[in-house]
1. So B:K142 fits all but one of (1) under 23 Å from the mean Cα position of the chain (by Cα); (2) away from every other protein chain (no Cβ under 11 Å); (3) of a type in the set (K, R); what number is the exception?
2. Got a sec? Which of A:P157, A:P161 is more than 30 Å from B:L65 (Cβ to Cβ), open to solvent by less than 40 Å² (accessible area, probe 1.4 Å) and within 24 Å of the chain's Cα centre (by Cα)?
3. Could you grab the pairs with beta carbons closer than 9 Å, sequence gap of 6+ or different chains, first residue in segment B:213-224 and under 16 Å from B:I155 (Cβ atoms), second one among the charged types (D, E, K, R) and surrounded by 13 or more Cβ atoms within 10 Å (Cβ to Cβ)?
4. Could you check how many residues of segment B:189-200 are hydrophobic (A, V, I, L, M, F, W, C) and more than 10 Å from chain A (Cβ to nearest Cβ)?
5. Out of everything in segment B:72-95 that is closer than 14 Å to B:S105 by Cβ and open to solvent by 30 Å² or more (accessible area, probe 1.4 Å), what residue ends up being nearest to the other protein chains (Cβ to nearest Cβ)?
6. Can you tell me how many residues within segment B:145-172 are more than 15 Å from A:E74 (Cα to Cα) and among the polar types (S, T, N, Q)?
7. Show the residue pairs that are 6+ apart or on different chains and have beta-carbon atoms under 6 Å apart, the first residue being within segment A:181-201 and free of Cβ contacts under 8 Å to residues at least 12 places away in the same chain, the second being part of a helix (DSSP H, G or I).
8. Does segment B:38-53 include one or more residues that are within 14 Å of chain A (Cβ to nearest Cβ) and in contact with a Leu (Cβ under 8 Å, 6 or more places away or on another chain)?
Amino acid sequence: MSSALSLLELLSPYPPGWGGVLLSGALSTIAISLGAYGIGILIGFAGALGKLTGGRPLVIALDLYTTAVRAIPELILIVGLYYAGTDGINRVLLAAGLPPIEINGFVAAVTVLGIVQGAYMTEVLRGAILAIPVGQIEAAKAFGMRPSLRFRRIVLPALIPNALPGLANLWMSVTKDSALIAVVGYQELALATRLAAGNTKHYFLFFFAAALLYLAISLVSNVIFGSLELRFRRGQAKNA
Amino acid sequence: MNFSWVSTYWPLLAAGAVQTVLLLVISVVFGFILAIGLALAQINGPRGLKWLARSYCTCLRGTPLLIQLWLLYYGVGSLLPLVPGLRSSFLWPVLREGFFFAAVSFTLNYAAYEAEVLRGALLAVPKGEIEAARAFGMSRAKVLRRIWLPRSIRIALPTIAGEIVLQLKATPLAFTVTVMDLYAVAYKVRQDTLLVYEPLIVVTVFYVFLTLLVTRAFKIVEAQVSIRR
């Protein structure tokens, strides 16, 4: 039956075309990436501030976290965290005398990728904070700003231009890492594509279409980050 | 924690490690050669070639390696048997294997990232050194071979070490196309013994060890060729 459909029909958004499956896969890829990126930024800020101002045990623990995440292959991290996470929660529930739950694939994917992103974010944000001229922070202290106020008014606005290139790279890598979620079985773009290809036997067509969708995501993100950088660098001296 | 399975599975683990290292070496060596061409084409190739090299890098850096691998293995792989005569030719035993597709897609992907690194490094070589070589009467090819390329590779060395580690961390993807690499061994052990974490831990130790090996090797090379400006 599938051979009777033309290529365009196969890609049409309505059944029997598989375009809709691919597009909803792309949407969940974007959703997973956004969620993981958000969690990553939160972990990253906490981690960076912890590394810069925390006590020795905290610094050692954070170092262990960032080094481990960056030394272990992403696939192993994702598979390991996925099983350890779902397993761990169910063990806690069992110990509390509650029935085990089925963990939502989306939540698991976002959490796992977020933890991975957090390690990289920690380093990017730490570098960006260190790159702020010391005088600016000393001036804020001299004005009598509390640490929280200083962070909000001085450190945060000053670190954004420093961190943007690194943040852009991390966004690109999370959109691509989210494809690895396919291996543990949550349906995002990569798995949706495999499904469509396997069902119709048009492997080349669908993987090519998926590649184009990923490429579109990166190109659009490039434009967005380019304009963000332009906006946050306004008023800064330009290099010749 | 139960590690008793290691005694029965160690030959498989060793074979997996060999597959992983083989994939890494093949993709890095051939990828690097391809990257030199891509970087040079981007810097001073004719306009068509420049555009082609640039779009190659954008496309391969803009899509996940997993999709590239599957496009090659399932997509191109499903088209290959349609080529007349290929099935009976001597190439078929190679073309049938997941390893071949993994090696090709990792090479192409590595080349795209490495080309960007080299492009930056080629531009970072001080102009005076190239002008001096030209003044000595070296031809363009000789300048490239003796001065420009060696200098830029030295400049890029720390980044190249990082890229190789990233490539090593990408190799487990090969297990999705039936390659029996390190990660695939861990997967098999899990299926056979129902142990989830122990095989992952053992395999992770292998990967971290390989990472240390790569970084150490590059430290030694960097110390040999000191850089002065």
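The values are calculated or read from the model by the stated rules, or taken from the named source; none is laboratory data. This structure is a prediction, so every number in the text was calculated from the model and none was measured. Because the Cβ atoms are built from the backbone with ideal geometry, glycine has one as well, and the counts that use them run over all protein chains shown. Remember, those area values only see protein heavy atoms, side chains included, never the ligands or the DNA or RNA. Shrake-Rupley method; radii C 1.70, N 1.55, O 1.52, S 1.80 Å.
1. Going through the list (1) under 23 Å from the mean Cα position of the chain (by Cα); (2) away from every other protein chain (no Cβ under 11 Å); (3) of a type in the set (K, R), B:K142 breaks only (1).
2. After ruling out the rest, the residue left standing is A:P161.
3. Here the result reads B:E222/B:R154, each pair linking segment B:213-224 to a residue that is among the charged types (D, E, K, R) and surrounded by 13 or more Cβ atoms within 10 Å (Cβ to Cβ).
4. Within segment B:189-200, residues that are hydrophobic (A, V, I, L, M, F, W, C) and more than 10 Å from chain A (Cβ to nearest Cβ) number 3.
5. Ranking the candidates gives B:Y74 first.
6. Adding up the residues that qualify gives 2.
7. Final answer for the pair search is A:A197/A:Y203; A:A197/A:F206.
8. no
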